[in-house]
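The values are calculated or read from the model by the stated rules, or taken from the named source; none is laboratory data. As the structure is a computational prediction, the values presented were derived from the model and not from experiment. Cβ placement follows ideal geometry from the backbone for every residue including glycine, while neighbour counts extend to all protein chains displayed.
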């Protein structure tokens, strides 16, 4: 592993990201048992330098995550066991799942059929987790069959503007299921890689570079974020440094609302002892705001597993936003600054003067990833994130939060895979 950046090292001199990755093999047992390990700090090089070798598995879960879950579940330890039981009870996690692969997926407009894609992705991911953690061959066969069917069948993702949401969300999720299965002999990795590059990446790239010919601020942060995450995931899946770096670069300085400073436009220092950051969609509704925690969280976790600490970028700006969102959704007050933006193709101005209470307190499985990073990996005081994580544990996944797309915007099962 050789990817480093000026943001590789954690403040406070705890554990360097680079050193941790370089010694990952030796840390596997320690990670599995939840013990602390110290790694040697490595020298940072120029940001954006591509890794000589990508880490695999290296998206939402690395080898240490998988081994820790395996060891803890086998030992019957909570909260891992509770997370495992949530997984095995999900109808999508059964090895009898039958895929519904089709050539054309439509999201938005006439003929919508995209639920069959997000249901199948959830099933592939959950079966892959059951194989990785539980070692059951039948689940591996099922996951491989789902991914192979879609890789050989899907040719088009289309619809109205919502096609970009489908290409983004289902792009990074499909790639993550593939990443878990990449070393399984019956999985056709080459076909999956080719399909992702041919079907998903062009739409991801088209959105980030053109924004559907709309005003740059027209689309909410999540639209950028899911497409950034898809490009990053495809880059990792295909060992393509240019794609990976495109996503990292956009996170740091992109023109749209998914870049960090645009997604978190206002900061508040020392509000009741904690720094907070207003999320770009906070004046819209809380369901989409929490979706943003999941989309940006996925991006940061994938980058972390490749050696880039986006979680801490710009003074841990994302953590401040997650604290803000968690605090408000725990029914506590937060400050709000009027948010003004341009819409449509003419950038017609709109403003939100108050935070939205719509969907306040909605449950989404996005908090374990954030709490176990900030509160356990970095040992920071993440009071509100921690409270939110605890309130929704153990986290489930697609199929546990309703049948509509919002319940499938995140892959979930963070209690099982991230608890430390």
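Being in a loop (DSSP other than H, G, I, E, B), at pLDDT 95 or above, in contact with a helix residue (DSSP H, G or I) (Cβ under 6 Å, 6 or more places away or on another chain) and crowded, with 24+ Cβ neighbours inside 10 Å is true for just one of 295, 280, 362, 323. Which residue is that? Spell out how you get there, then give the answer.
Working: 295 fails: in a loop (DSSP other than H, G, I, E, B); 362 fails: crowded, with 24+ Cβ neighbours inside 10 Å; 323 fails: in a loop (DSSP other than H, G, I, E, B).
Within the list 295, 280, 362, 323, the selection yields 280.
Can we say residue 192 is crowded, with 17+ Cβ neighbours inside 10 Å and touching a residue at least 60 places away in the same chain (Cβ under 8 Å)? First the steps, then the outcome.
Numbers: crowded, with 17+ Cβ neighbours inside 10 Å: yes; touching a residue at least 60 places away in the same chain (Cβ under 8 Å): no.
Against the criterion (crowded, with 17+ Cβ neighbours inside 10 Å and touching a residue at least 60 places away in the same chain (Cβ under 8 Å)), residue 192 does not qualify.
Would you mention how many residues in region 331-359 are touching a helix residue (DSSP H, G or I) at 6+ places or on another chain (Cβ under 6 Å) and more than 19 Å from residue 264 (Cα to Cα)? Can you show your working first?
At the first step, the residues of region 331-359 found to be touching a helix residue (DSSP H, G or I) at 6+ places or on another chain (Cβ under 6 Å) are 334, 359.
Next cut, more than 19 Å from residue 264 (Cα to Cα) only: 359.
Final tally of qualifying residues: 1.
Hey, could you check region 124-145 for residues that are within 21 Å of the chain's Cα centre (by Cα) and touching a residue at least 60 places away in the same chain (Cβ under 8 Å) and say which is farthest from residue 201 (Cα to Cα)?
Only one residue tops the list, namely 133.
Have a look at 101, 186 and point out the one that is surrounded by fewer than 16 Cβ atoms within 10 Å (Cβ to Cβ), assigned to a loop (DSSP other than H, G, I, E, B), modelled with pLDDT of 95 or more and in contact with a helix residue (DSSP H, G or I) (Cβ under 7 Å, 6 or more places away or on another chain). First the steps, then the outcome.
On the way: 101 fails: surrounded by fewer than 16 Cβ atoms within 10 Å (Cβ to Cβ).
Exactly one of 101, 186 is surrounded by fewer than 16 Cβ atoms within 10 Å (Cβ to Cβ), assigned to a loop (DSSP other than H, G, I, E, B), modelled with pLDDT of 95 or more and in contact with a helix residue (DSSP H, G or I) (Cβ under 7 Å, 6 or more places away or on another chain), namely 186.
For region 78-92, check the following and say yes or no: at least one residue is modelled with pLDDT of 95 or more, farther than 24 Å from residue 418 by Cβ and not in a helix (DSSP H, G or I).
From region 78-92, those modelled with pLDDT of 95 or more are 78-92; that's our starting set.
Next cut, farther than 24 Å from residue 418 by Cβ only: none.
There is no residue in region 78-92 that is modelled with pLDDT of 95 or more, farther than 24 Å from residue 418 by Cβ and not in a helix (DSSP H, G or I).
In this structure, does residue 166 turn out to be buried (at least 20 other Cβ atoms within 10 Å of the Cβ) and either outside any helix (DSSP H, G or I) or touching a strand residue (DSSP E or B) at 6+ places or on another chain (Cβ under 6 Å) (or both)? Break it down stepwise before answering.
Numbers: buried (at least 20 other Cβ atoms within 10 Å of the Cβ): yes; either outside any helix (DSSP H, G or I) or touching a strand residue (DSSP E or B) at 6+ places or on another chain (Cβ under 6 Å) (or both): yes.
Taking the combined requirement at face value, the residue satisfies it.
Within region 385-420, track down each residue that is assigned to a helix (DSSP H, G or I) and crowded, with 24+ Cβ neighbours inside 10 Å. Reasoning before the result, please.
Our first condition is that a residue be assigned to a helix (DSSP H, G or I); within region 385-420, this holds for 385-392, 405-408, 414-418.
Hits for region 385-420 are 385, 388, 389, 408, 414, 415, 416, 417, 418.
Being assigned to a loop (DSSP other than H, G, I, E, B) and over 14 Å from residue 293 (Cα atoms) is the filter here; which residues of region 365-384 pass it?
Taking region 365-384 as the starting set, the residues that turn out to be assigned to a loop (DSSP other than H, G, I, E, B) are 365-366, 378-382.
The answer is 378, 379, 380, 381, 382.
Count, please, the residues in region 112-123 that happen to be outside any helix (DSSP H, G or I) and either touching a helix residue (DSSP H, G or I) at 6+ places or on another chain (Cβ under 6 Å) or in contact (Cβ under 8 Å) with a residue 40 or more places away in the chain (or both).
Within region 112-123, the subset outside any helix (DSSP H, G or I) is 112-114.
Still in the list and also either touching a helix residue (DSSP H, G or I) at 6+ places or on another chain (Cβ under 6 Å) or in contact (Cβ under 8 Å) with a residue 40 or more places away in the chain (or both): 112, 114.
Qualifying residue count, region 112-123: 2.
How many residues does region 253-277 hold that are surrounded by fewer than 18 Cβ atoms within 10 Å (Cβ to Cβ) and either assigned to a loop (DSSP other than H, G, I, E, B) or within 17 Å of the chain's Cα centre (by Cα) (or both)?
Number of matching residues: 3.
Of (1) part of a helix (DSSP H, G or I); (2) under 22 Å from residue 244 (Cβ atoms); (3) over 19 Å from the mean Cα position of the chain (by Cα), residue 148 satisfies all except one. Which?
(2)
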